[in-house]
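Comments concern the structure below.
The values are calculated or read from the model by the stated rules, or taken from the named source; none is laboratory data. Predicted model only: the values in this text are computed from it and were never measured. Cβ placement follows ideal geometry from the backbone for every residue including glycine, while neighbour counts extend to all protein chains displayed. Heavy atoms of the whole protein, side chains included, go into the accessibility calculation; ligands, DNA and RNA do not. Shrake-Rupley method; radii C 1.70, N 1.55, O 1.52, S 1.80 Å.
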Amino acid sequence: MAEPKDDIQDFLKDEYFVQWVLRSDEKSDIYWKQWMRRHPDKLKQIRLAREMITSLAYQQNHQLSTEMYESMFDAITVEQHNMHDSGTSAMRRRWWRRIAACLLLMAGGLTVWHLRPTGPLGEKEAVSFVIKRTQKGEKRIVRLPDGTQIKLNANSVLVYPEVFDDHRRQVQLEGEALFAVAKDADRPFTIISGDVRTQVLGTTFNIRAYEGESDVAVAVVSGKVKVQGNVDEVYLLPNEVSYYHKTDSSLTATSQDISDLIAWSKNILIFDEDPAEEVWKKLENWYGVDIIVPDMSVIKGNYSGRYYNEPLYRVLDGISYASEFVYEIQENNKVLIKEMPMKQRQVR
């Protein structure tokens, strides 16, 4: 059936995956759960692909004109799978004809199509969505069609329409980003981050919503923000932060200095009594490296520090001095952390 995949587009091209998301049965459910256990590094891509299929591409049920239908269907390259059921080719063709109206994958990027009515006669037009992503060690500025400016932190994904409609502005975020939303009183701006919806009219705020972290944090710099969880909702003003706790779906808010929460956008790396696991994770994300620690007890206790636009070796120098370990920056962006030899400790 499905082979290992490298990106969200690969899942959206896989009709067996799409079928599982939309119409799960016992056979497909067992297959994809086993696939995810074999490929835990792809869970992020799977979750984003599922969200796009359910909340973006398939929320409309309009019919295509024959001309547009055939044009879009002809443009899709169907990925072949070795399915054992008889009549697989016919089933595959029928399935792709049903979703061709929703998905069109173009070279150089992803375009997800749905239709919306326009004009008094109910004509339809195609709407496309764009994916912007950052790798580990990368940050980038994204400017949206309405003038909103977004700074994406490392290892993040943003999905948004090429053109916002007349009633709302909605995007999806996985990771962390600082938003400076253009004011538009007639079209609220909504960010979907898993179970959390953040809605504004025009303001500046930071959202941290990494998949592996226990909380989704929203920190307001200016303006007013509405944050909704599964049950509760809160309104935030400047220097207020909300935390959505994934374990129990609760939502809390507090007043605090948010300068450290948005320091990343100014190229300031901060450790605040962080345990060793968090130190390595931050360094990997910030510098785009893989840190190898054969002995996780190398760092004793927690670590604090503040670095502005510093190269990796200077940060490692500071941490290693306090925690008594040695490091080796290797090829292929790998860093080996080892315990400091006793002779070096005696010299110090």
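Listed highest first by mean packing, meaning other Cβ atoms within 10 Å per residue, what order do 199-212, 221-234 come in?
Working: 199-212: 19.7, 221-234: 17.5.
Highest mean packing first, the order is 199-212, 221-234.
Report the Rg/Rh value for segment 118-271, based on alpha-carbon coordinates and the Kirkwood definition of Rh.
Numbers: Rg = 15.7 Å, Rh = 16.0 Å.
Checking Rg against Rh, the ratio lands at 0.98.
With an 8 Å cut-off on Cα pairs and a minimum separation of 6 or more residues, tell me the relative contact order of segment 208-348 in percent. Before the final figure, lay out the partial values.
On the way: 212 pairs, mean separation 22.0, N = 141.
Here the relative contact order equals 16 percent.
Within the accessible area of segment 146-217, what % is carbon and sulfur when the probe is 1.4 Å and the other protein chains stay in place? Before the final figure, lay out the partial values.
Values: 1080 of 2510 Å².
Within segment 146-217, the accessible surface is 43 percent carbon and sulfur.
Counting only protein heavy atoms and a 1.4 Å probe, tell me what percentage of segment 232-284's accessible area is made up of carbon and sulfur. The partial results should precede the final answer.
Working: 1330 of 2680 Å².
With neighbouring chains kept in place, the figure for segment 232-284 is 50 percent.
Exceeding 29 Å between C-alpha atoms, which entries from my cross-link table qualify? They are LYS246/LYS282; LYS33/LYS338; LYS33/LYS151; LYS151/LYS183; LYS42/LYS151. Don't skip to the answer; put the middle values down first.
Working: LYS246/LYS282 21 Å; LYS33/LYS338 37 Å; LYS33/LYS151 34 Å; LYS151/LYS183 17 Å; LYS42/LYS151 24 Å.
Flagged as over cut-off: LYS33/LYS338; LYS33/LYS151.
If you add up the charges near ARG306, with Lys and Arg at +1 and Asp and Glu at -1, over every other residue whose beta carbon is less than 11 angstrom from its beta carbon, what do you get?
Working: positive: none; negative: ASP260, ASP272, GLU310.
Its environment carries a net charge of -3.
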